[in-house]
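A.B. asks: Below is the structure I would like to discuss, written out as structure tokens.
The values are calculated or read from the model by the stated rules, or taken from the named source; none is laboratory data. The shown structure was predicted, so the numbers you read here are calculated from the model rather than taken from an experiment. Please note: Cβ atoms are built from the backbone with ideal geometry, for glycine as well, and neighbour counts cover all protein chains shown. All accessible areas refer to the heavy atoms of the entire protein, side chains included, with ligands and DNA or RNA removed. Shrake-Rupley method; radii C 1.70, N 1.55, O 1.52, S 1.80 Å.
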Amino acid sequence: MSILASTATTTSIQHPSPLPRSSTQYDDSYGRHNFSLKNSSHGSTASWTWSISLCCKNGRLSEAVSLFTRMREYGAEPNHVSFVGLFSGCARFPSQGVLLGPSLHGYARKIGLDHGDVMVGTAIVDMYSKIGELGLARLCFDHMHLKNKVTWNALINGCMRWGEFDKAIKLFDEMPERDAVSWTVLIDGFVKNGMFQEAVLWFRQMQFMGQLPDFVTIISVLSAVANLGTLGLGLWLHRYIISRRLGVSVRISNSLIDMYCRCGYIDFACQVFRKIPKRNIVSWNSIIVGLACNGHSIEALQHFLMMQSQGLKPDSVTFTGALTACSHAGLVEKGQMLFDSMKDYNILPRIEHFGCLVDLYCRAGRLKEAMMMVNSMPMKPNEVILGSLLSACRACEDINFAENLIDHIHDLDHRRSNFNVLLSNIYAANGSWLGAADMRKKMKAHGVQKKPGISVIEVNGRIHEFFAGDKSQVDSDNVYLILNHLSSELKQYGHSWETDFLDAW
């Protein structure tokens, strides 16, 4: 069976047109070494390989190929290290590698390195996996005479990267020997694809099989816990980190801060933050954003100032946290000042910064200023910004303003049910039943269905999902019994259900 690869001769390899090089990309050590190569009749394979690898690491793949071609013209034969450097560069920069990689593979195959050398073969599998050619990656994998754990992990990582989860699990089960990296590739793949419960389940399976996680595994699982809000597992992980003395890693500490903030335990996050011996920008950003999102706006702004007093300059994420703090605290003037100060740090406002300022105006009931900001944005508003505007219209009972947003909503996606539901609720809350009915007709005409909201709760370390009216849970009878009891008590104290929006449906 032949492997698809571009034909390569011994004297030339097709490569993309040279990329422009800025002064910031230029490495002086590469320049000096390349000068010595230019002024010598020939160089050793090690010297050429060193220059090629340096170009690859800096994304200058066209220069790397030029050096590779000249290297063979001068009679220096490439070795396995030369090819590993080139294939690694293609994997690291897939937009260039998709053009260059197959030609290099053709030459490596011609001299037998693609299946005869495990390092080169693994680099080829990884390269095809990174550029999205999983079929070719598997074909190269099957042709290799010798494979190691790195080879298996590279192909599994490629399958996880491109959503081929069943294939990844099948490969994982077929592995003759697994290590912590193998488990982490699966767990991290699930996390990056938003499948957080699956990531936690595989971590538990890893523990059951007796495989000790490394710090990369811990960071991935902490990310899953943060997104699920499963504090019980997060606390267990924190104790495990302390027992393994992994807390000295600033990356793990930053992940713990993020996890505790997302779970709503800001005091624990602050404790972790205070114990970090040398904080980086991610540490400060994590605590500032966490404080802001949990309603501790003043503390978030204090940390914003503290960070600068310790010599660190805020970046775009820092400003997102500070603007969020202003929005939650209703500090309109402070938020405007912070937004305007971004240019002093050469930070170009992105859509999330505009969104924070729009939300700030909306929470303060200043809808006209919010709309002026939307109209002055250099980009179209996203669903978060439109959601803030519609929520403000509902709070202010302003139907006319909400109707002015319809064109923006249709430009984004008329099939998004949450916007249509909000509009229908605004009409219903103001007694405009004709408008609510018209909105329902439009939703039906476009095939839009109201998606039920899902709630997640952790009980005894297990994650449970449910939605309104859901009776699929094992303990649903007891849940409804308690709910009815609470409802009766609320009525005794003079409370009633909010039915304005429910009646619209």
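A.B. asks: What number of residues within the stretch 172-207 are in a loop (DSSP other than H, G, I, E, B) and open to solvent by 60 Å² or more (accessible area, probe 1.4 Å)?
C.D. replies: Of the residues in the stretch 172-207, the ones in a loop (DSSP other than H, G, I, E, B) are 175-179, 193-195.
Subset that is open to solvent by 60 Å² or more (accessible area, probe 1.4 Å): 176-178, 193.
Adding up the residues that qualify gives 4.
A.B. asks: Oh, and also: Considering each of Leu348, Leu323, Leu386, Leu305 in turn, give the residue that is within 25 Å of the chain's Cα centre (by Cα), under 19 Å from Leu291 (Cβ atoms) and aliphatic (A, V, I, L, M).
C.D. replies: That would be Leu323, the only listed residue that is within 25 Å of the chain's Cα centre (by Cα), under 19 Å from Leu291 (Cβ atoms) and aliphatic (A, V, I, L, M).
A.B. asks: Condition (residue is surrounded by fewer than 16 Cβ atoms within 10 Å (Cβ to Cβ) and either over 25 Å from Asn254 (Cα atoms) or touching a strand residue (DSSP E or B) at 6+ places or on another chain (Cβ under 8 Å) (or both)) applied to the stretch 319-331: is it met by at least one residue? Explain how you work it out, then say what you get.
C.D. replies: If we filter the stretch 319-331 for residues that are surrounded by fewer than 16 Cβ atoms within 10 Å (Cβ to Cβ), which is where we start, we get 330.
Adding the requirement that they be either over 25 Å from Asn254 (Cα atoms) or touching a strand residue (DSSP E or B) at 6+ places or on another chain (Cβ under 8 Å) (or both) leaves 330.
Scanning the stretch 319-331 turns up at least one residue that is surrounded by fewer than 16 Cβ atoms within 10 Å (Cβ to Cβ) and either over 25 Å from Asn254 (Cα atoms) or touching a strand residue (DSSP E or B) at 6+ places or on another chain (Cβ under 8 Å) (or both).
A.B. asks: Which one of these does Ile287 not meet: (1) surrounded by 21 or more Cβ atoms within 10 Å (Cβ to Cβ); (2) under 30 Å from Leu405 (Cα atoms)?
C.D. replies: All conditions pass for Ile287, except number (2).
A.B. asks: Just to check your reading of the model, which residue among Ser82, Ser62 is within 19 Å of Asp126 (Cβ to Cβ) and among the hydroxyl-bearing types (Ser, Thr, Tyr)? Working first, answer last.
C.D. replies: Details: Ser62 fails: within 19 Å of Asp126 (Cβ to Cβ).
It is Ser82.
A.B. asks: Here's a follow-up. Would you check which residues across the stretch 43-95 are aliphatic (A, V, I, L, M), open to solvent by 60 Å² or more (accessible area, probe 1.4 Å) and closer than 20 Å to Arg109 by Cα and list them? Before you say what the answer is, go through the steps one by one.
C.D. replies: Let us first name the residues in the stretch 43-95 that are aliphatic (A, V, I, L, M), namely 46, 52, 54, 61, 64-65, 67, 71, 76, 81, 84, 86, 91.
Then drop every residue that is not open to solvent by 60 Å² or more (accessible area, probe 1.4 Å), which leaves 46, 81.
Val81 - this is the single residue of the stretch 43-95 that is aliphatic (A, V, I, L, M), open to solvent by 60 Å² or more (accessible area, probe 1.4 Å) and closer than 20 Å to Arg109 by Cα.
A.B. asks: Hey, among Phe196, Phe203, which residue is among the aromatic types (Phe, Trp, Tyr), within 18 Å of Asn460 (Cα to Cα) and touching a Leu at 6+ places or on another chain (Cβ under 8 Å)? Please lay out each step first, then the result.
C.D. replies: Values: Phe203 fails: touching a Leu at 6+ places or on another chain (Cβ under 8 Å).
Testing whether each residue is among the aromatic types (Phe, Trp, Tyr), within 18 Å of Asn460 (Cα to Cα) and touching a Leu at 6+ places or on another chain (Cβ under 8 Å) leaves just Phe196.
A.B. asks: Only residues that are open to solvent by 50 Å² or more (accessible area, probe 1.4 Å) and under 14 Å from Lys130 (Cβ atoms): list them for the stretch 96-116, please.
C.D. replies: Correct list: Val98, Leu99.
A.B. asks: With farther than 26 Å from Ser53 by Cβ and not hydrophobic (A, V, I, L, M, F, W, C) as the only criterion, which of Gly101, Gly158, Gly189, Gly121 stands out? Outline the logic, then answer.
C.D. replies: Values: Gly101 fails: farther than 26 Å from Ser53 by Cβ; Gly158 fails: farther than 26 Å from Ser53 by Cβ; Gly121 fails: farther than 26 Å from Ser53 by Cβ.
Answer to the check: Gly189.
A.B. asks: Next up: Please go through the stretch 142-171 and pick out each residue that is in contact with a Gly (Cβ under 8 Å, 6 or more places away or on another chain), open to solvent by 30 Å² or more (accessible area, probe 1.4 Å) and among the polar types (S, T, N, Q).
C.D. replies: Asn157 - this is the single residue of the stretch 142-171 that is in contact with a Gly (Cβ under 8 Å, 6 or more places away or on another chain), open to solvent by 30 Å² or more (accessible area, probe 1.4 Å) and among the polar types (S, T, N, Q).
A.B. asks: Also, I was wondering about something else. Which numbered condition trips up Gly163, out of (1) within 17 Å of the chain's Cα centre (by Cα); (2) within 25 Å of Gly101 (Cα to Cα); (3) part of a helix (DSSP H, G or I)?
C.D. replies: Of (1) within 17 Å of the chain's Cα centre (by Cα); (2) within 25 Å of Gly101 (Cα to Cα); (3) part of a helix (DSSP H, G or I), only one is false for Gly163: (3).
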